[in-house]
Every structure is written in C-alpha cells, then in structure tokens.
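Right, one structure below, let's go through it.
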C-alpha cells in the first residue's frame, strides 16, 4: 500500500474508530485498526466483536494494500504531526509514515487476522436525520436499567413505523419515551422493533451527532447498521454495525397513565430549584414530598433528615383537579425534568401511589413517567 492523505482527515477518522478499542490480552488484534485502500478512499475499521466501526477518507492511492496497526500509538502520533499531508507505505507488516521533517515506522499485524466486520442486508432500511436521532437517544439513554439480569431493560427500545420512531428506555422505576419523524423507508417496510445496546447507542451518538443531514439505518433481526454516505455518492463515509439485545421488551405503554386526577403546570427552572433545595435534606432514601394544593394554587416541598434537619418551601403553580401528597426520589425527578427542553412543565398525577407523568408544555414528542415512593 502506498498512499497520500490529508493529516486532519486521517486524525479525525482515527479518533472516531479508536473509541471502541481497549486493552485485550486474549485477542491483541482488537487493539488495532484495520487500514485498507479502496479505489480513491482509505478505510479505517475497528471492532470489539460486539460493535464494528468503519470510516472512509478520500486519499490519493498509488498502490492498494491493507494492514492492521495498534490504533492508540498511531492516533497519538498522527495528532502531533504539523504537516498537512502524510505519505504512508506498507512493507510486510510495518507501516511507514513520512513527511518533510519526520520518518516513522510502526509495526503491525497481518490484515488477514483482523476479524470480519459483518454487513447488514440493505433490503429493510429507514432514513432519519442524524442529529435529531442522536439527540433523541441522549434524552432517554440515562434511564436504562444498569442490570445484567434483565438485559432487555439495559438497552434502548426502538419501534419504527413508516412515519416515526419511538425511542424508549426504562429501569422499572421511571420511563422515558421520545418520538421523532422518519424521512423515508424501504418499499417493503413494516413496523420494526429492536433493542439497541446502551454502549452501541453511545457510540452512535458520538459518531453521528456531528453529522449534518440524513443517515440510514439498515435493520435485521439480530443486527443494525447505521451509515452515512459521501454527498452525491453511493459510497459510505462512516458506518457502525452492532449486535442487538435478544429478548422481548415489556409492554411499556401499560405503564403510561391514560387519565389524570391532578394536573400541574409549572416553570421548569422554578421546579428544579425547589427540588434541589429539598434534596439537601432528603437523607439516604432520596425522598422528597410534594403536597399539591389545588385550592391554594401552590405546592409545598418537604424533606427531612434525622441527622441534619428538615426543610419546607412553597411554590405557586397552575393546579387543576384533586389535592394530593406524593413522594418521589428526587434524583429520578430531577433527571427527568432536566431532559425537558421547554420553559414550562406539565405534571399529571393519579393519587399518592399512582405513576406521575411529566411532559414539556407545547411538545408532545417527549414524556417521562416516574413511580412514587409509597408511604411506609
């Protein structure tokens, strides 16, 4: 292999693919990046056997070839080069990098030993805005269950329809759902559901959140492939392939309240401040009580710590329906409210032991369900 490539593009590509690599004593080749030339592009690929990432860079190809190189030292070295272009050449299992003021060689391994990164059939696909999809995942990803006993709850549930996708997470104590539009689907598309592993979802966000325009998701029963292509081209420029979590996601819609006994409209910032103050005295249980008084149009926040003391504060709000006193885990409450992007928040309650439904005012695309702490 003999090529010339722009340093900045090479460095960016390495920074994207290296994130899933790590120290692996049983399979050292997984610490490497596969470098291969394809006509007018250079392909960089890494895998941890669960996730595979490939990144293509336009380059001047004089001789085709392929090699695998330890990705961390290569990425660190390339980031320190001050020249605009890099000349690279391979001889046997060694990569030679040369510029006007440096000459470097890095030993690698045979490219034939690098694991094959699978590709997903392109028969069933969804086209979606890459930034919007990434932002939607970020809104819900923190509410996955941190468990190995129910793997399906540790991932992100995606339910694709022809015009939208619902993105859902739950840990059994709270649940978040975000709905965003789909730009286009394949001809034979019908409703598709899958569970995306949390780590793969984070890598997808890292890669595609900075990419403008549409991306395609190719769907299969056990894998998903996310891909963007070069402008006005059918050639991919970045791709992520990952295994899916097997299992059946619970019928989460049963948890979402369909009616309401009490409804509160309140400023998000004011509500957040009250919760923060009450949390200082919540103790090990993280419990904060909210007394919803519709006649007075106010909420009383109360928390108590046997060792520290207690606090009580009031906040005016637009309240309709029954009066109720309810207790929540303040961390769960704050984390849900923090993902709301509107100035005003709607809280719908169904008594002291029913789930609370929190939504942004004026935006029906996001909802957050939180279970209360039942009085002991």
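The values are calculated or read from the model by the stated rules, or taken from the named source; none is laboratory data. Everything numeric here is computed off the predicted structure, so don't read it as measured data. Neighbour counts run over all protein chains shown; Cβ positions are idealised from the backbone, glycine included.
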Residue 10 fails exactly one of the following numbered conditions: (1) in a strand (DSSP E or B); (2) in contact with a helix residue (DSSP H, G or I) (Cβ under 8 Å, 6 or more places away or on another chain); (3) surrounded by 20 or more Cβ atoms within 10 Å (Cβ to Cβ). What is the number of that condition? (1)
Criterion: touching a residue at least 12 places away in the same chain (Cβ under 8 Å), touching a helix residue (DSSP H, G or I) at 6+ places or on another chain (Cβ under 6 Å), crowded, with 18+ Cβ neighbours inside 10 Å and assigned to a strand (DSSP E or B) - qualifying residue of 217, 194, 240: 240
Do we have any residue at all in region 287-298 that's surrounded by fewer than 16 Cβ atoms within 10 Å (Cβ to Cβ), under 30 Å from residue 138 (Cβ atoms) and touching a residue at least 40 places away in the same chain (Cβ under 8 Å)? no
What number of residues within region 316-333 satisfy the criterion of being at negative phi and either surrounded by fewer than 17 Cβ atoms within 10 Å (Cβ to Cβ) or without any contact (Cβ under 8 Å) to a residue 12 or more places away in the chain (or both)? 7
Of the residues that sit in region 199-214 and are surrounded by fewer than 19 Cβ atoms within 10 Å (Cβ to Cβ) and touching a strand residue (DSSP E or B) at 6+ places or on another chain (Cβ under 6 Å), which one is modelled with the highest pLDDT? 214
Take residue 133 and tell me if it is in a helix (DSSP H, G or I), surrounded by 14 or more Cβ atoms within 10 Å (Cβ to Cβ) and over 21 Å from the mean Cα position of the chain (by Cα). no
Could you check, for region 330-345, whether at least one of its residues is under 29 Å from the mean Cα position of the chain (by Cα), in a strand (DSSP E or B) and under 13 Å from residue 372 (Cα atoms)? no
Is it true that residue 301 is assigned to a strand (DSSP E or B), touching a helix residue (DSSP H, G or I) at 6+ places or on another chain (Cβ under 9 Å) and closer than 30 Å to residue 155 by Cβ? no
Of the numbered conditions (1) surrounded by 14 or more Cβ atoms within 10 Å (Cβ to Cβ); (2) without any contact (Cβ under 8 Å) to a residue 60 or more places away in the chain; (3) over 29 Å from residue 73 (Cβ atoms), residue 146 satisfies every one except a single condition; which is it? (1)
Exclusive hit being surrounded by fewer than 16 Cβ atoms within 10 Å (Cβ to Cβ), over 16 Å from the mean Cα position of the chain (by Cα) and not in a helix (DSSP H, G or I), set 89, 83: 83
